[in-house]
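Peer 1: The structure is given below, and queries will be raised subsequently.
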Amino acid sequence: MIKIVTIIGARPQIIKAAALSRAIKNKFSTQIKEIIVHTGQHYDANMSQVFFDELNIPKPDYNLNVGSGSHGKQTAAMISGIEEILINEKPNAIVLYGDTNSTLAGGVAASKIHVPVIHIEAGLRSFSKAMPEEVNRIMCDHVSTLLFSPTKTGFDNLIREGFNANAKEPYSANNPKIYHCGDVMYDNSLHFSEVAESKTNILQTLSLKANKFILATIHRNNNTDEPERLNALFKSLNDISLKQDLEIVLPLHPRTSKLMETNLTKQNLEAVKANKGFKITGPVSFLEMIALEKNCKLVMTDSGGVQKEAFYFDKPCIILRPETEWVELVECGTAIIADADEHKIKAAFDKLFTNDHLKFPKIYGNGFAAEFICAEMVKHLQ
């Protein structure tokens, strides 16, 4: 039996980890022992604990409780804590997801003491190193032994960066193995979509009708921290709502909730609050988010994960960022990059909202990415 240490910290990682934990429980329980480490990067109960409860994820074996702080302070605390756990547990590998500070810390800690790194969501690139996430994902990829890309584009990115698609065993950080395996979040969306219908009542709670509302999310620092961008986003959403007589649902990240009160102009803030069709809620659970995504008409988001989930449920998406890692969505024509530009957002809305001929090809695998990853770990980590 192999032992892996799974690192989670931010809300999306907790959800992604559910797919792997489920595959281990159902198919690999005699071959893989999983130790879960929660860094505490997201420590709010609504942003973290609810996901363990709702998605039936095993409780963490360790919690570093690092909390918030500067990138350096937060990452340093994680590196120290993860290193100590790795030394004590002596795993065959560490499993890292995505591109957060928890991902970076796990990659640094493990590589320094020669614990093999498994990176899930490898190869994604925005090609903007101004994004902290871009730096995190690049650095993690380049110390990894097994790299699992959810898309062909991600796989090709790795090859362009010098990874060998035909590497032979034994695999190591100096001779890594790269895969195009599909997306564990697609696994999750398929698994939980039926559960969401029966276990959530958010549509009734918010008095929403299927295909009659827009789902929006805003959480990235450059959108929330820069008043000009935040005002452009909220004004665009509000204008579209009023012009189209459409309801907009905006589950607010705690940071965004705080910053909209200080960074929106008085006029903009009052206009949003006066619009009864602009429904601002607190953070929603994963199952509630799935229900909203399945039943909305269109998605507007700066979240990479939500862009994909919109695609899973055949919903057009307006990307509120200047770039995306999920270039396939744009190439398919189901998503448009509008950034925080009021005119581009409204033009994208006009183009997507009434287009009934969009195609949503199955580019994120067959729903069994987590099982494939487990099988490869068992095969190559013995």
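The values are calculated or read from the model by the stated rules, or taken from the named source; none is laboratory data. Quick caveat: nothing in here was measured; it's all calculated off a predicted structure. Counting neighbours? That spans all protein chains shown, and the Cβs are built from the backbone with ideal geometry, glycine included.
Peer 1: Yes or no: F311 within 23 Å of N201 (Cα to Cα), aromatic (F, W, Y), in contact with a Leu (Cβ under 9 Å, 6 or more places away or on another chain) and in contact (Cβ under 8 Å) with a residue 40 or more places away in the chain?
Peer 2: Criteria met by F311.
Peer 1: Can you tell me which of (1) over 14 Å from H119 (Cα atoms); (2) without any contact (Cβ under 8 Å) to a residue 60 or more places away in the chain is the one L158 doesn't meet?
Peer 2: Answer for L158: the failing condition is (1).
Peer 1: Has region 227-243 got any residue that is outside the structural domain of A17 (by TED's automatic domain parsing), part of a loop (DSSP other than H, G, I, E, B) and out of contact with any His (no Cβ under 7 Å at 6 or more places or on another chain)?
Peer 2: no
Peer 1: Still on this structure, please answer the following. Residues of region 258-285 being among the polar types (S, T, N, Q), crowded, with 16+ Cβ neighbours inside 10 Å and closer than 30 Å to D53 by Cβ, which ones?
Peer 2: Looking only at region 258-285, we keep the residues that are among the polar types (S, T, N, Q), and these are 262-263, 265, 267-268, 275, 281, 285.
Then keep just the ones that are crowded, with 16+ Cβ neighbours inside 10 Å; that gives 263, 268, 275, 285.
Passing the criteria: only S285.
Peer 1: Pairs only if they're at least six apart or on different chains, beta carbon under 8 angstrom, first in region 355-380 and under 22 Å from N211 (Cβ atoms), second surrounded by 21 or more Cβ atoms within 10 Å (Cβ to Cβ) and among the aromatic types (F, W, Y); list them, first residue then second.
Peer 2: Listed pairs, sorted by first residue: F360/F311.
Peer 1: Here is a further query. Quick test for you: out of S29, S21, pick the one residue that is within 21 Å of the chain's Cα centre (by Cα), surrounded by fewer than 21 Cβ atoms within 10 Å (Cβ to Cβ) and within 22 Å of C181 (Cβ to Cβ).
Peer 2: Within the list S29, S21, the selection yields S21.
Peer 1: I'd like to check something: does region 239-250 contain any residue that is farther than 15 Å from D339 by Cα, charged (D, E, K, R), touching a residue at least 40 places away in the same chain (Cβ under 8 Å) and surrounded by fewer than 17 Cβ atoms within 10 Å (Cβ to Cβ)?
Peer 2: yes
Peer 1: Also: Report whether or not G69 is farther than 30 Å from K152 by Cα, of a type in the set (G, A, S) and part of a loop (DSSP other than H, G, I, E, B).
Peer 2: Taking the combined requirement at face value, the residue satisfies it.
Peer 1: Is it true that some residue in region 214-221 is on the phi > 0 side of the Ramachandran plot, in a loop (DSSP other than H, G, I, E, B), at pLDDT below 95 and of a type in the set (D, E, K, R)?
Peer 2: Pass one, region 214-221, residues on the phi > 0 side of the Ramachandran plot: none.
No - not one qualifying residue is present in region 214-221.
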